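Encoded as structure tokens, the structure appears first; notes follow it.
The values are calculated or read from the model by the stated rules, or taken from the named source; none is laboratory data. Nothing here was measured: the structure is a model prediction, and the numbers come from that model. As a convention, Cβ positions derive from the backbone with ideal geometry for all residues, glycine included, and neighbour counts pool all protein chains shown. Side chains are part of the model used for accessible areas, which takes the heavy atoms of the whole protein and leaves out ligands, DNA and RNA. Shrake-Rupley method; radii C 1.70, N 1.55, O 1.52, S 1.80 Å.
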Amino acid sequence: MKKLCHLLLFLVLSLSATGQSVIFLHHSTGAGVWGGGIGIPQWITNYNTAHGKSYAVTEFSYPDSPYPWANYPYDFWNLWVNPGQCDNNRPGIRCLDWFASNYNVIIIKHCFPGADIQADSGSPLVSSETKSIENYKLQYRALRTKMDGYPNNKFIVWTLAPLHRNATNEQSAARAREFVNWVKNSWLTEDGHSHPNIYIFDFFGYAAESNPTPVNGKVNCLKYDYEGSHSGSDSHPNATANATIMPLFGQFIVDVINSQTSAVNEQQEPENAGILFYPNPANNQIKINETEKIESVEIFDISGRLVKIFSLPENEINVSSLAKGTYIIRVNSGKKCRSSQLVID
């Protein structure tokens, strides 16, 4: 599997030198992560330099004028599925076929008001702008079918951006978590068909508080340490959040292009039974939670530079030689390659 992983890496990176391209369609929260820390452009540049290859990754505010400043599930459905709403001659409302013709990988996300989810009415409507789980599901199912029509492209869909605890309530925040869980666990499997070109970047998992009783903050809301102001209600994640999530996003883009990741990258919390490794933060040994035989474990710094590799390791590895800081760890097993953030303290 290790040889296969590296063969895929070589083949896809070679393709990238001859036109492989990625576009990130977003609004303000996405811009924060794009520019967090050293920023995605510099991260990709460093990665390319370290590997002697070339990636082309760009970003674009979408949708934009003449469309309202809105990019929720309804808006992507309206522009890409609803007939007659998009226009390839107007950049702010281009159709999916234009993006698919010009980019190999298309990344979409919703801004944080999308997490302001209202209670279901019992009468879901795909063409409704009301932010409810029942409407979101219909819109996502239609988008899934639309993406299936472009099998030669890959799509990365961000989960919702959580709201500041002062900008939401317990019920709405819980509904945001419920929808995110549906996207991660059911959206790509519920119809019994394979959707191998769609991947989920779990931004909500990284940015939202998962502890039901945190010391500070509130569950299912923007993490307390990621709030720009503890007394205000601005839901834009702060510089710490952006710098922390930025390299995870960069690595996920790389892994998707290389087909070196599962459909969903999930946040890794010690209390989560599905964790990739533990403890995290670590300072000595970490244990890999993987049932398949591990072919290799690779550790990268936040600039994308490979700093440590363990070939055919046991499920426990020694990381005591690593300096304090944030890293990306990638575990290559017999059937899959998974990446997550590793903190050394």
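Before moving on, here are some points about what is shown:
- Hydrodynamic radius of the chain by the Kirkwood approach over all distinct alpha-carbon pairs: 20.7 Å.
- For region 113-190, the C-alpha radius of gyration sits at 1.16 times the compact-globule guess of 2.2 N^0.38 Å, with N the residue count.
- Cβ-based charge dipole, the chain, positive-most Cα from ILE328, SER172, VAL307: VAL307
- Ligands, DNA and RNA aside, ASP301 has an accessible area near 30 Å² when probed at 1.4 Å.
- The GNM of the chain, with springs linking C-alpha atoms under 10 angstrom apart, assigns the highest mean-square fluctuation among GLY84, GLY228, GLY36 to GLY84.
- Each Lys and Arg adds +1 at its Cβ and each Asp and Glu adds -1 at its Cβ; summed about the Cα centre, the chain shows a dipole of about 720 debye.
- In whole percents, the pair-distance distribution calculated for region 53-206 from its alpha-carbon pairs, binned every 10 Å from zero, is 10, 40, 37, 12, 1, 0.
- Nearest-0.05 FRET efficiency for ARG305 and PHE60, computed from C-beta distance (R0 30 Å): 0.60
- DSSP bridge pairs, the chain: antiparallel proportion in percent, nearest 5: 55
- Placing unit charges on each Cβ (+1 for Lys and Arg, -1 for Asp and Glu) gives the chain a dipole about its Cα centre, and among CYS86, LEU163, ILE317 the Cα reaching farthest toward its positive end belongs to ILE317.
- Share of carbon and sulfur in the accessible heavy-atom surface of the chain [1.4 Å probe, %]: 50
- Top of PRO237, PRO212, PRO196 by mean-square fluctuation, Gaussian network on the chain, Cα under 10 Å: PRO212
- Potential lengthening between SER21 and SER320 on full extension [0.36 nm per residue; Cα-Cα distance subtracted]: 103.9 nm
- Residues HIS236, HIS27, sorted by accessible area with the largest first, give HIS236, HIS27 [1.4 Å probe; ligands and nucleic acids excluded].
- Ligands, DNA and RNA are left out, and with a 1.4 angstrom probe the accessible area of the chain is 42 Å² per residue.
- For the chain, the residue among GLY205, GLN139, LEU188 whose Cα projects farthest onto the positive side of the dipole built from Cβ charges is LEU188.
- Legend: translational diffusion of region 35-105 by Stokes-Einstein, Rh = Kirkwood radius over C-alpha pairs, 4 °C, 1.567 mPa s; D = 92 µm²/s.
- Measuring between alpha carbons in the structure, the pairs from LYS53/LYS154; LYS109/LYS146; LYS53/LYS184 lying more than 26 angstrom apart are LYS53/LYS184.
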